[in-house]
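**Student:** Dumping the structure here so I can ask a few things about it.
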Amino acid sequence: MSTEPGPVYGSPEFDWSILTVPTPLAMARGQLGFSWLELAGRLATLTQDELDWEPGLDALRVVRRGTQRTPRTLGTGEWVAEWPAGADSPQPRTIGWLVAHLTEGFFERWEWTFGESSARREDVEVSGDVTEAVAGLTRWVEAWRAGVDGLDEDQVFTVGLSQATEIDAQAPFGHLVLHMNRELIHHGAEIMVLQDLHRAGRRT
């Protein structure tokens with residue numbers, strides 16, 4: 001039976017030598033590790049005001065249960081992430097929402113690849129407190145990294161190694177690793193831009 005990972009603190013470790021290893025898994029691991037190193041450095045400076053800042057009208061937020069503005073939410077505890085009506089919703093996102101979205105994504109993929117394959121993203125706990133939110137994301141990214149790091153080279157080509165989604169179950173595992181790398185890079189860049197915009201606004 002798999003054991004749920006504990007909290008992780010401090011800067012992520014990154015073995016630069018992996019960038020010299022000429023294998024598909026090493027390349028995917030290198031991209032994942034370096035991308036997380038970049039984002040984690042920025043998250044270490046994140047403030048509560050930045051986490052909560054709404055960059056536009058009707059922005060999606062992480063709020064205390066019962067105060068949400070959307071019919072659908074995600075989260076099992078005191079805090080919930082407001083959820084858009086559809087994938088093409090034009091609503092802007094707060095940094096808090098982006099952190100929660102990355103958290104649930106890495107949680108579910110870890111659970112259905114290296115965990116007990118029972119909980120879904122709806123079962124994750126999110127937080128509107130900046131310290132807890134960053135710790136939650138760190139926990140699941142590091143758990144995912146540890147799982148990927150523990151694979152043999154051939155397992156990157158194993159079909160159905162993850163059962164998180166129907167697509168994952170039908171694809172070589174490397175595709176999921178690259179997808180989660182893409183999620184980290186994409187939403188990490190959004191977090192950094194919003195953080196920069198908030199700080200620029202405070203200086204004007």
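Just so it is clear, none of the values below were taken in a lab; they were calculated from the coordinates. In this text the structure is predicted, and so the values were computed from the model without any measurement. For neighbour counting, all protein chains shown are included, and Cβ atoms are generated from backbone atoms with ideal geometry for every residue, glycine included.
**Student:** Of A143, I185, G160, which is farthest towards the positive pole of segment 143-194's charge dipole, taken about the Cα centre with +1 and -1 on the beta-carbons of Lys, Arg and Asp, Glu respectively?
**Tutor:** I185
**Student:** Using label points projected 7 Å from each Cα along Cα→Cβ, tell me how many nm separate Q91 and A119, to one decimal.
**Tutor:** 2.4
**Student:** To continue, here is another question. Do the sum for the chain: with -39,500 (n - 2.57) for every DSSP H run of n ≥ 4, divided by all residues, what is the mean residue ellipticity at 222 nm, to the nearest 500 deg cm²/dmol?
**Tutor:** On the way: 6 runs with 98 residues, N = 204.
Mean residue ellipticity, 222 nm, calculated: -16000 deg cm²/dmol.
**Student:** What list of ³J(HN,Hα) values in whole Hz, one per residue of segment 186-200 in order, does the Karplus curve 6.51 cos²θ - 1.76 cosθ + 1.60 (θ = phi - 60°) give from phi, with Gly and Pro shown as x?
**Tutor:** 4, 6, x, 5, 4, 4, 5, 5, 5, 4, 5, 5, 4, 5, 5
**Student:** Please compute the modelled spin-label separation between A26 and E78, points set 7 Å along Cα→Cβ, answer in nm with one decimal.
**Tutor:** 4.7
**Student:** What are the ³J(HN,Hα) values, in whole Hz, obtained from phi via the Karplus relation 6.51 cos²θ - 1.76 cosθ + 1.60 with θ = phi - 60°, for each residue of segment 173-185 in sequence order, with x given for Gly and Pro?
**Tutor:** Once rounded to whole Hz, the list reads 4, x, 5, 5, 4, 5, 4, 5, 4, 4, 4, 5, 5.
**Student:** Another question, then. If R₀ is 41 angstrom, what is the calculated FRET efficiency for the pair Q155 and T45, using the beta carbon separation as r and rounding to 0.05?
**Tutor:** The calculated FRET efficiency here is 0.70.
**Student:** Please get the size of the charge dipole for segment 114-160, origin at its Cα centre, with Cβ charges of +1 on Lys and Arg and -1 on Asp and Glu, quoted in debye to the nearest 20. Don't jump to the answer; show the numbers that get you there.
**Tutor:** Details: 4 positive and 11 negative charges, 26 e Å.
Charge dipole, segment 114-160, about its Cα centre: 120 debye, nearest 20.
**Student:** On average over all directions, what projected area in square nanometres does segment 4-74 have, based on the convex hull of its Cα atoms?
**Tutor:** So the Cα hull casts an average projection of 8.0 nm².
**Student:** While we're on this one: Compute a Gaussian network model of the chain, connecting alpha carbons closer than 10 Å, and tell me which residue from E125, E111, E78 fluctuates the most.
**Tutor:** Among E125, E111, E78, the largest GNM mean-square fluctuation belongs to E78.
**Student:** By how many degrees, 0 to 90 and rounded to 10, does the Cα axis of helix 24-43 deviate from the longest principal axis of the chain?
**Tutor:** Orientation of helix 24-43: about 20 degrees from the principal axis.
**Student:** Still on this model: Compute the long axis of helix 130-149 from its Cα atoms, compare it with the longest principal axis of the Cα atoms of the chain, and write down the angle in degrees, 0 to 90, nearest 10.
**Tutor:** Helix 130-149 and the main axis of the chain meet at about 10 degrees.
**Student:** Roughly how many whole Å is it from the C-alpha centroid of segment 111-139 to that of segment 157-175?
**Tutor:** So the two Cα centres are separated by 21 Å.
**Student:** In whole Hz and in residue order, list the ³J(HN,Hα) couplings for segment 94-107 that follow from phi through the Karplus curve 6.51 cos²θ - 1.76 cosθ + 1.60, θ = phi - 60°; x for Gly and Pro.
**Tutor:** 7, 4, x, 5, 4, 4, 5, 5, 5, 4, 5, x, 5, 4
**Student:** Which whole number in µm²/s is D for segment 104-204 by Stokes-Einstein, with the Kirkwood Rh taken over Cα pairs at 4 °C and 1.567 mPa s?
**Tutor:** 87
**Student:** Near the amide H of L60, under 5 Å away, which other amide H atoms are found, from residues 5 or more places off or on another chain, if H is placed in the peptide plane?
**Tutor:** Sorted by chain and number, the residues that satisfy this are R93, T94.
**Student:** Which value in Å is the Kirkwood Rh of the chain over different Cα pairs?
**Tutor:** 17.6
**Student:** Further question on the same structure: Using +1 on the beta carbon of Lys and Arg, -1 on that of Asp and Glu, and nothing else charged, what's the dipole of the chain about the Cα centre, debye to 20?
**Tutor:** Its charge dipole is roughly 600 debye.
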